[in-house]
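All remarks here apply to the structure that follows.
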Amino acid sequence: MFELHHLTAQEQWDWLHRGEITPLELVTHYLERIERLNPELGAFTTVTPDAALERAGHLAARVPKTAPLWGIPLGDKDLARRAGVRTTFGSRLFEHFVPDFSDELVEVLDAAGGISLGKTNAPEFGLPSYTESLVASPARNPWDLELGAGGSSGGAAVAVAAGLLPVAPGSDGGGSIRIPAAATGLVGVKPSRGVVPAGTGLTTLAGLVTVGPLARTVADAAMLLDAMIAGSEYPYTVRAPSWDGGPLLGAATRGEGRFQLGVMTTSPWDLAYDIQISPEAHAALNFALGELSAIGHGIEEIALEPDDSYAPAFRTIWQAGAAGIPAEGKELELLEPLTRWLVERGRELSARTLAEALVALTAYERWVIRQFRGFDAIVTPAVALTPRPIGWYSREDPELNFAQQCQYTPFTSFANVTGLPAITLPVAATDEGLPMGIQLLGRPGGESTLLSIGAQLERRIGWQRRHPPGW
């Protein structure tokens, strides 16, 4: 039986503009699904039905119908403030916090015509690559409820994969959009550093954190990304030489071009941890390479040259970034063991150590981009392992926990360090039906190329037709 969530975000937008549905009808449909399914899935930490219904009922009087997301339901990641709505940052430290202002991305998506249905689940301060905090239920993978959804945009991924939202915004400081997208069978995009005004990355330590979309299709992801880019102006916004200045939705819709691709299974964590790529991840990569070759792309195997500076420098930045969490004295006891370890180690760092790490990562950025300059895009596995079970990550041993995260996600963080655009694509499934994907990294400002390749693969594979139980 057909239901409204079976439509893509693009199709929903068309229906809204033709008057075949109203924003109120669409929001009501998703709120009913959230009420029924969210208690088991843990996609949302807070649902705001009254505010969503009120906005949907008066949207036409407040936002022009030409707005790029007019009437499309969304969720705010629980790391983003929305005035008057509980925002926990995934932590018991802020369990009852209600901000009196909204973050820029929230305002941008409102101005674009989106309708927030609540806050999507995120781990404590977005630091882990899994979404299992102590302030909320874990975000469970809709393909298998015993498995996690990755992180830190785990709730957003669950909501989109399970049909509780058509698309969702996320943030990505080390893979936090791409990891949950890979775990739940979605398209996830981390834009180039500086491209999205409301989340450039340029104002975060080492320029790591950007914002981007999670979606079921490449075109839906481009639609949301276009809205993020066009919605505000910021003095540090960057347009790289390859940026064409036009909407990315066109590239995602046309899916044109033949490109030179490098294929890589080495990672910057190889010298620091025992990185093993599972047979399932290899199978997904090899399947995608066969499809890419059939399309006509040039394919060449490459290896990332070893560099022992990456792992200690990245750890230093991750610890330094946590040092500013506003927890003092007994408040530290409210933090989870991993977060407390990162905070305490970060506060022990000297200014010299931090400066040396920043210099090392800047050099690493230039060094990697030089290695990739002969290619239009680099293809890697999205993650090294199948989706991890709930409770798989160590709670007692932060060092082991950090190592486990690197072993599951060795290919994501260096896209943040280098500022390169990256996209994960759900190209395959395991024998048990679990999603497995690949990652593409582009040149600076090369989002159009990544979306074009993604559209080509989507047409051949048809992953948008695969859905988890309960769809």
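Derivation of every value follows stated rules applied to the coordinates shown; laboratory data play no part. Just so it is clear, the model here is predicted, and its values are computed rather than measured. Glycine also receives a Cβ, built like all others from the backbone with ideal geometry; neighbour counts cover every protein chain displayed.
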Under Karplus coefficients 6.51, -1.76 and 1.60, residue-wise ³J(HN,Hα) of region 377-383 in Hz, glycine/proline x: 7, 10, 10, 9, x, 5, 9
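State the extension gain, in nm to one decimal, for the chain segment bounded by residue 95 and residue 356, taking 0.36 nm per residue of separation less the distance between their alpha-carbons.
Details: separation 261, 0.36 × 261 = 93.96 nm, distance 3.58 nm.
Stretched out fully, the residue 95 to residue 356 stretch lengthens by 90.4 nm.
What percent does the relative contact order of region 355-471 come to when contacts are Cα pairs within less than 8 Å and at least six residues apart? Kindly include the intermediate steps, with their values, before the conclusion.
Values: 130 pairs, mean separation 32.9, N = 117.
The value is 28 percent.
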Dipole-positive endmost among 277, 425, 400 within the chain (Cβ charges, Cα centre): 425
For region 315-430, the spread of Cα positions along each principal axis, largest first, Å: 51, 40, 20
